[in-house]
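Asker: One structure is given below, represented as structure tokens, and several questions about it will come after.
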Amino acid sequence: MTQRFVLAIDQGTTSTRCIVFDRHARLAGLAQRAQRQRYPRSGWVEQDALEIWRTVERIVPAALRDAGITGEQVAAIGIANQRETTVVWDRRTGVPVRPAIVWQDVRTEELVDQLRNAPGAQRITELSGLPLATYFAAPRLRWLLDHIDGLRERADRGDVLFGTMESWLIWNLTGGPDGGAHVTDVTNAGRTLLMNLSTRQWDPELLRFFDIPPTMLPRIEPSTGDFGTARAVLPGVRIGAALGDQHAALFGQTCFAPGEAECTYGTGGFLMMNTGTELVRSEHGLLTTIGYQVGPEPVYALEGPIAVTGSLVQWLRDIVGLIATAPEIETLASTVDDNGGCYLVPAFSGLYAPHWRGDARGLLIGLTSYVTKGHLARAALEATAWQTRDVLEAMNADAGLRATSLRVAGGMATNNLLMQTIADVLDIPVMRPLVTETVSLGAAYAAGLSVGFWPDLQGLRHNWKVAAQWRPAPDRHTRDDEYELWQRAVHLSFGWARPADGKPPKPE
Ligand code: ADP
């Protein structure tokens, strides 16, 4: 019998990759291509959605070639994507009306400030689980409707469609202008500010608040919903799943039980904890989100985004010149035994979860003549560990259950000293899996489940193999003392930016 595979498309912020997985969740083939980001004005970040679609057309066949298989051997396609990036396109021509507005784009700051004072603003978090912020898609869609002549009329007539990246790709894969499926999944829809977290449908009150015509919105499906069958690129292959990238990481790390938590450490850090089938509303500064939905009921999660983790290492390398390569930070930090009393709060553009302080700015404190470059390197790594503890403590408080371990992935997860430090300051084991492509794997798992390629969640758990594990050191007391100092440093960073130069990236 011919061997079968599942194909994952991970449409990320800086690149799009395509990975072919075999039945044992081993990586059989891979192709990747970076995409251009444009910064036409301060605070604006754009991408060309057509370029991204053309990239998919090229990397899917390239990944099949790399795996040495044909399209007929693909059992299903799974899609994971950068979340909140907004595309509006013409239903007849398939041409986007403007470049895609990327999730980091803050052009909607003024609009969001106005909306914050509009009647009904206080209901948004209750309905959507999210704070009203530039981070999410609805303000971007509203911005497009307000700034493109005639767009609202075209939307009312049903001539233009809105979607995040998975919608855009699925529409193109399933035929585009020729009957393409206009559809999204609950995890992506849940990041627009337009979906009701309880009904998992577009919420009429939220649509009214943002003044969005329902005619332009995709149908919302579970993560393993009905996304149609590809007619382009891989004709005849079913699209089995779609999930936002961090949700796919939670799934790929097989965090299927309440209290199971994972963190992807890249440019920023994204910590997610499974909170089970009951919706947990955060009272400690986290986002309430749908982790995934692979059956009739969704599994909820709490998420704590950390703005600066790996980008601090990049800054020390590219701007400060403390190190020549990212891995060198570990070598330098290993020249000393501790931080020498020094703390680095990387609040370069405010602090995200759980503080949400747009007025915070970075600080380095505790300096004495004793402090060396090694101490600075250690303080920089510890900043990621302490920030993780801030988020995890908020999660434990919100969820009423304690995470017993943390599964990690991303570029920084290769840093052993950092992983040990995280285990120490969280006082739980940290584990890195053999397959660190957790986003692609999550999309593949969900797609494979939807077509019966993998029978159940239990089977997927068996595929998760630990490659490295760090256990907390026993000297817990010192770590608690140090954590108190870190918290003092964080509080000192608050309020440094004056309102004119530091609008909050998110509400408090
Ligand atoms: P992204 O997906 O956000 O682009 P990656 O998962 O590829 O990020 O990780 C890249 C980030 O990880 C960079 O910010 C880099 O500075 C950081 N990084 C890479 N290797 C190391 C290392 N050995 N120690 C610390 N940070 C690292």
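Asker: Helices (runs of 4 or more DSSP H) wholly in region 394-487 with at least 2 residues that are more than 20 Å from residue 354 (Cβ to Cβ) and open to solvent by 40 Å² or more (accessible area, probe 1.4 Å) - which ones?
Answerer: Values: elements: 416-426, 438-450, 457-463.
It comes to 416-426, 457-463.
Asker: So, one more: Evaluate region 342-351: report whether one residue or more is surrounded by fewer than 19 Cβ atoms within 10 Å (Cβ to Cβ), at pLDDT 95 or above and more than 14 Å from the ligand (Cβ to nearest atom).
Answerer: No - not one qualifying residue is present in region 342-351.
Asker: Would you be able to tell me the number of residues in region 409-435 that are within 11 Å of the ligand (Cβ to nearest atom) and closer than 18 Å to residue 246 by Cα? Write out each step before concluding.
Answerer: Going residue by residue through region 409-435, those that are within 11 Å of the ligand (Cβ to nearest atom) are 409-419.
From what is left, the residues that are closer than 18 Å to residue 246 by Cα are 409-413.
Residues in region 409-435 being within 11 Å of the ligand (Cβ to nearest atom) and closer than 18 Å to residue 246 by Cα: 5 in total.
Asker: So, one more: Quick one: which residue in 45, 88 is modelled with pLDDT under 90 and crowded, with 20+ Cβ neighbours inside 10 Å? Working first, answer last.
Answerer: Details: 88 fails: modelled with pLDDT under 90.
It is 45.
Asker: On to the next question. Looking at 161, 141, 169, which is the one that is assigned to a strand (DSSP E or B), out of contact with any Leu (no Cβ under 7 Å at 6 or more places or on another chain) and modelled with pLDDT of 95 or more? Outline the logic, then answer.
Answerer: Values: 141 fails: assigned to a strand (DSSP E or B); 169 fails: assigned to a strand (DSSP E or B).
161 is the lone residue from the list that is assigned to a strand (DSSP E or B), out of contact with any Leu (no Cβ under 7 Å at 6 or more places or on another chain) and modelled with pLDDT of 95 or more.
Asker: Then there's this: Identify, by number, the condition in (1) within 15 Å of the ligand (Cβ to nearest atom); (2) buried (at least 16 other Cβ atoms within 10 Å of the Cβ); (3) part of a helix (DSSP H, G or I) that residue 375 doesn't meet.
Answerer: All conditions pass for residue 375, except number (1).
Asker: While we're on this one: Taking into account only those residues within region 210-241 that are part of a strand (DSSP E or B) and among the charged types (D, E, K, R), which is most open to solvent (accessible area, probe 1.4 Å)?
Answerer: Initial filter on region 210-241 (part of a strand (DSSP E or B)): 219-221, 229, 238-241.
Within this subset, residues satisfying the condition of being among the charged types (D, E, K, R) are 219, 221, 238.
Details: 219: 107, 221: 32, 238: 90 Å².
Only one residue tops the list, namely 219.
Asker: On to the next question. Identify, please: which residue in region 257-311 is outside any strand (DSSP E or B) and within 16 Å of the ligand (Cβ to nearest atom) and is, among those, surrounded by the fewest Cβ atoms within 10 Å (Cβ to Cβ)? Reasoning before the result, please.
Answerer: Here is the first cut: in region 257-311, the residues outside any strand (DSSP E or B) are 257-260, 266-268, 277-286, 293-298, 307-311.
Still in the list and also within 16 Å of the ligand (Cβ to nearest atom): 266-268, 307-311.
Working: 266: 17, 267: 18, 268: 18, 307: 21, 308: 24, 309: 26, 310: 18, 311: 15.
Only one residue tops the list, namely 311.
Asker: Anything in region 191-206 that is out of contact with any Leu (no Cβ under 6 Å at 6 or more places or on another chain) and open to solvent by 10 Å² or more (accessible area, probe 1.4 Å)? List them, or say none.
Answerer: The answer is 198, 199, 200, 201, 204, 205.
The values are calculated or read from the model by the stated rules, or taken from the named source; none is laboratory data. All of these numbers come straight from a predicted model, not from anything done at the bench. Please note: Cβ atoms are built from the backbone with ideal geometry, for glycine as well, and neighbour counts cover all protein chains shown. Accessible surface areas use protein heavy atoms only, side chains included; no ligands, DNA or RNA. Shrake-Rupley method; radii C 1.70, N 1.55, O 1.52, S 1.80 Å.
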